[in-house]
Amino acid sequence: MKVIICGAGQVGWQIARHLSGEKNDVTVVDSNPDLVRRASETLDVQGMTGFASYPDVLRQAGARDADMIIAATHSDEVNMVTCQVAHSVFDIRRKIARLRSQSYLDAINSDLYRQDHLPIDVVISPEREVAQAAMQRLSAPAAFDTEVFLNGEAQLMGLRLNDDCPVLNTSLRQLNELFSTLRVVVVGIRRNGKLFAPDADDELYAGDEAYVFAPVDDIPRTLEVFGKSSHVQERLVIVGGGNIGLSVAQALEKRGRNTKAKVIERDRKCAERAAELLERTIVLNGDGLDSVLLAEANVSRADAILAVTDDDKTNMLAAVRAKAEGCGFAIALINDPTLLPLMEPLGIDAYINPRGTTVSSILRHIRHGRVRSVYSVGDAEAEMIEAEVLSTSSIAGVEIRDVGFPEGVLVAGIQKGDDIVKPTGRMKLQAGDVVVMFALAADVAQVEQLLQVAIDFF
């Protein structure tokens, strides 16, 4: 697939990194020559300096035969114009735009993005995606990573196994036998920094990070099996009152219940804006690392702290300081994936990876077959893929054991009608079934081939 990515900032670079790693033909365009140089020197991509919205620049980037354009510059307006030019001048089939302004996002369900108006096929809002990810982390405090599937009826959770975990040194086969009525599947294990898809004879050890998939109804019991609690978090401190922190605070207010949140924001104008838009949330202007300010926010009695500033190190230090003051749970926004191994030594319970959420949003729109959802696991180490089985697909009517999945692929769950069932080797995949699979990055391409339909489908 030939893809043009406009904008070589953090979002554009990470998308280019992922797509080029899958052997796509990627061209990166940016007006900043330093960013273009970084992309072309560190990634297997072509770099081009220029303004992405200019037709002659897109022409030189190969827009005539491009399959997709992803507009991810810092300007919403440039991204919108780029998609318009890509459509009107070059007839590029797939157009994805990153939009940050809430005014544009509010219009998503209107006629604004129709083909005969402003032709954008997919609108991506990293801030909104990250805010949703933060809410998911808060809803599952026992997990360091989480994502929902099957219309919110099933969930993937990353669980860190401590020394007191009841199922340590237990094989997955034995675990399945002991809890035969529990629809939970361990799809991935990270051990000594390496992620792999386990087989039935693999055992669970202290220090492992296990990725488990289960229907929402089975989550409480699953947490009990793995020695985790499901404590409801009612008192929250949010460090960072920008777009992400503000979105989370607004979502918490809409959720109602007895949730009490306080926001700490360093920038005065940003703090004033948050205070105007929030009704029940207290906003404090100051440094989130200031112990006096944290004490004023009553962080020692807080159930959780959510650090979502635009600086990774500030987020990590704020989380560590809050835990030292007595806060029960700490979540940090981490852009740099190389910092993730520091989470456990520092005592940070969970993290949010903006790159992962944004890449996941884009991947679900470029995967072949009837793919409904994609989630990028870890540092693009694996993917969770939710896809519908079509009647002309090669896997329709085939038992799971006979499909020929690669070793790095595991079927996590299957939705048959209204029921979510735990997969077995003898279970047949039928047309209309929705399958959720875990696939290591190296095996994603083969999974795509299995999901593709025969030519007569068209």
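The values are calculated or read from the model by the stated rules, or taken from the named source; none is laboratory data. Nothing here was measured: the structure is a model prediction, and the numbers come from that model. Glycine also receives a Cβ, built like all others from the backbone with ideal geometry; neighbour counts cover every protein chain displayed.
Filtered by the rule that a residue be farther than 18 Å from Cys83 by Cβ and touching a Leu at 6+ places or on another chain (Cβ under 9 Å), region 26-46 gives a lone residue, Val45.
If we only count strands (runs of 3 or more DSSP E) wholly inside region 321-413, which ones have 3 or more residues that are surrounded by fewer than 18 Cβ atoms within 10 Å (Cβ to Cβ) and not assigned by TED's automatic domain parsing to the domain that holds Pro198? Walk me through it before giving the result.
Working: elements: 330-333, 350-352, 371-377, 382-388.
Hits in region 321-413: none.
For Ala271, indicate whether it is small (Gly, Ala, Ser), touching an Asp or Glu at 6+ places or on another chain (Cβ under 9 Å) and part of a strand (DSSP E or B).
In short, no.
Asp418 passes every criterion in (1) in contact with a Leu (Cβ under 7 Å, 6 or more places away or on another chain); (2) at pLDDT 85 or above apart from (1). Being modelled with pLDDT of 80 or more, part of a helix (DSSP H, G or I) and touching a strand residue (DSSP E or B) at 6+ places or on another chain (Cβ under 6 Å) holds for only one residue in Ala86, Ala97, and it is Ala86. Per the conditions (1) closer than 27 Å to Thr338 by Cα; (2) among the charged types (D, E, K, R); (3) not assigned by TED's automatic domain parsing to the domain that holds Leu346, the sole criterion not satisfied by Arg266 is (3). Checking the stated criteria, Gly158 turns out not to satisfy the condition of being crowded, with 19+ Cβ neighbours inside 10 Å and either assigned by TED's automatic domain parsing to the domain that holds Arg280 or more than 20 Å from Ala382 (Cα to Cα) (or both). Output yes when any residue across region 125-138 is part of a strand (DSSP E or B), under 23 Å from Met437 (Cα atoms) and of a type in the set (Asp, Glu), and no when none is. No, region 125-138 contains no residue that is part of a strand (DSSP E or B), under 23 Å from Met437 (Cα atoms) and of a type in the set (Asp, Glu).
If you go through region 298-320 and pick out every residue that is touching a residue at least 12 places away in the same chain (Cβ under 8 Å) and assigned to a loop (DSSP other than H, G, I, E, B), you end up with 6.
Here Val409 meets each of (1) of a type outside the set (Ser, Thr, Tyr); (2) touching a Gly at 6+ places or on another chain (Cβ under 9 Å); (3) modelled with pLDDT of 90 or more with one exception, condition (2). Whenever a residue of region 329-353 is more than 17 Å from Leu161 (Cα to Cα), its partners that are of a type in the set (Lys, Arg) and surrounded by fewer than 18 Cβ atoms within 10 Å (Cβ to Cβ), lying with C-beta atoms within less than 9 angstrom and at least six residues away or across chains, give the pairs Leu339/Lys313. The condition (being in a loop (DSSP other than H, G, I, E, B) and not basic (Lys, Arg)) is satisfied by just one residue among Leu289, Leu284, Leu293: Leu289.
Identify, please: which residue in region 238-258 is part of a loop (DSSP other than H, G, I, E, B) and in contact with a strand residue (DSSP E or B) (Cβ under 7 Å, 6 or more places away or on another chain) and is, among those, surrounded by the most Cβ atoms within 10 Å (Cβ to Cβ)?
Per the stated criteria, the residue is Gly241.
One residue stands out in region 321-366 among those that are modelled with pLDDT of 85 or more and basic (Lys, Arg): the one that is farthest from Leu451 (Cα to Cα), namely Arg321.
Quick one: would you say Ile5 is under 21 Å from Asp336 (Cα atoms) and in a strand (DSSP E or B)? Lay out the reasoning, then the answer.
Details: under 21 Å from Asp336 (Cα atoms): yes; in a strand (DSSP E or B): yes.
Here the answer is yes, as Ile5 does meet what is asked.
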